[in-house]
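Structure first, commentary second.
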Amino acid sequence: MELVLPRREHEGAANAFIKACQKTYAELAGHSELGELPYATWLEKIYDHHFNRHVPEGRVPASTFFAIEGGEMVGLINVRHELNTLLREAGGHIGYMVHPNHRRRGYATEMVRQAVDWMRTALHVENVLITCSPGNEGSRKTILKNGGVYENTVDNDVLGTVERYWIT
């Protein structure tokens, strides 16, 4: 499995992914636009944010990667290059989702591992904050497998109750 920047040829796979993940996809901050905007427009925004161009006020530069295995899109991960107040309190550096047909196969763990490695090499970020809902045992296990150390649980007006972990 590899993480790749979205490209035009991924449009069909991205649309199928969103359709399969509709319920959880809307919860992944910043990416509900993929199903609403034309793919080319969404792709342009993703590259703008990746290269820190035209990032709206209140948002941070971020990189979105598709997780591809054997030519199939098995996941999507968003890596925020820095933390604003909301992300520092409850959102974290990384948000991700795995296609329902590919869950419990280790993809999330590998996606987070590769994203953290990319953050260290490309962005020089050594301490990565990642959060999950208290009831999301799968995400908690993924974070712990990647060396996450629990810091605390917070209640946030926007994101609700989240557990905060640091990967150092």
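The values are calculated or read from the model by the stated rules, or taken from the named source; none is laboratory data. Computed from a prediction, not measured in an experiment: that's the story for all the values here. Cβ coordinates were reconstructed from backbone atoms using ideal geometry, including for glycine residues, and neighbour counts include every protein chain displayed.
Counting only residues that are part of a strand (DSSP E or B) and within 14 Å of the chain's Cα centre (by Cα), which one in segment 53-71 is surrounded by the most Cβ atoms within 10 Å (Cβ to Cβ)?
First, pick out the residues of segment 53-71 that are part of a strand (DSSP E or B): 62-69.
So of that shortlist, the ones also within 14 Å of the chain's Cα centre (by Cα) come out as 62-67.
Details: 62: 22, 63: 21, 64: 23, 65: 22, 66: 20, 67: 26.
Checking each candidate, the answer is 67.
I need the full set of residues from segment 123-134 which are within 15 Å of residue 77 (Cβ to Cβ) and either exposed (fewer than 11 other Cβ atoms within 10 Å of the Cβ) or free of Cβ contacts under 8 Å to residues at least 40 places away in the same chain (or both), in order please.
130, 132 - these are the residues of segment 123-134 that are within 15 Å of residue 77 (Cβ to Cβ) and either exposed (fewer than 11 other Cβ atoms within 10 Å of the Cβ) or free of Cβ contacts under 8 Å to residues at least 40 places away in the same chain (or both).
Taking segment 2-52 as the search range and keeping residues that are basic (Lys, Arg), outside any loop (DSSP other than H, G, I, E, B) and at pLDDT 80 or above, which one is farthest from the chain's Cα centre (by Cα)? Quick ask: steps written out before the conclusion?
In the first step, residues of segment 2-52 are kept if they are basic (Lys, Arg); the result is 7-8, 19, 23, 45.
With the extra rule that they be outside any loop (DSSP other than H, G, I, E, B), the set shrinks to 8, 19, 23, 45.
With the extra rule that they be at pLDDT 80 or above, the set shrinks to 8, 19, 45.
On the way: 8: 20, 19: 18, 45: 16 Å.
Looking at the filtered set, the residue picked out is 8.
Would you mind telling me which numbered condition in (1) at pLDDT below 95; (2) touching a Ser or Thr at 6+ places or on another chain (Cβ under 6 Å) residue 79 fails?
(1)
For residue 149, all conditions in the list (1) of a type in the set (A, V, I, L, M); (2) surrounded by fewer than 20 Cβ atoms within 10 Å (Cβ to Cβ); (3) modelled with pLDDT under 95 hold save one; what is the number of the exception?
(3)
So, residue 90, is that one touching a residue at least 40 places away in the same chain (Cβ under 8 Å), more than 23 Å from residue 19 (Cα to Cα) and out of contact with any His (no Cβ under 8 Å at 6 or more places or on another chain) or not? Walk me through it before giving the result.
Details: touching a residue at least 40 places away in the same chain (Cβ under 8 Å): yes; more than 23 Å from residue 19 (Cα to Cα): yes; out of contact with any His (no Cβ under 8 Å at 6 or more places or on another chain): yes.
Yes; evaluated as a whole, the condition is true for this residue.
List, please: which pairs have Cβ atoms under 7 Å, are six or more places apart or on different chains, and start with a residue in segment 1-23 that is surrounded by fewer than 17 Cβ atoms within 10 Å (Cβ to Cβ) and end with one that is of a type outside the set (D, E, K, R) and in a loop (DSSP other than H, G, I, E, B)?
Every condition considered, the pairs that remain are 20/99.
Return the residues of segment 53-63 that are closer than 23 Å to residue 130 by Cα and at pLDDT below 95; say none if nothing qualifies.
55, 56, 57, 58, 59
So residue 138 clears everything in (1) under 15 Å from residue 166 (Cβ atoms); (2) in contact with a helix residue (DSSP H, G or I) (Cβ under 9 Å, 6 or more places away or on another chain); (3) at pLDDT below 95; (4) of a type in the set (Gly, Ala, Ser) except one condition, right? Which one?
Condition (1) is where residue 138 drops out.
When you scan segment 93-107, how many residues do you find that are touching a Cys at 6+ places or on another chain (Cβ under 9 Å) and either surrounded by 18 or more Cβ atoms within 10 Å (Cβ to Cβ) or of a type in the set (D, E, K, R) (or both)? Outline the logic, then answer.
Just the residues of segment 93-107 that are touching a Cys at 6+ places or on another chain (Cβ under 9 Å), to begin with: 97-100.
So of that shortlist, the ones also either surrounded by 18 or more Cβ atoms within 10 Å (Cβ to Cβ) or of a type in the set (D, E, K, R) (or both) come out as 97-99.
Going through segment 93-107 one residue at a time, the tally reaches 3.
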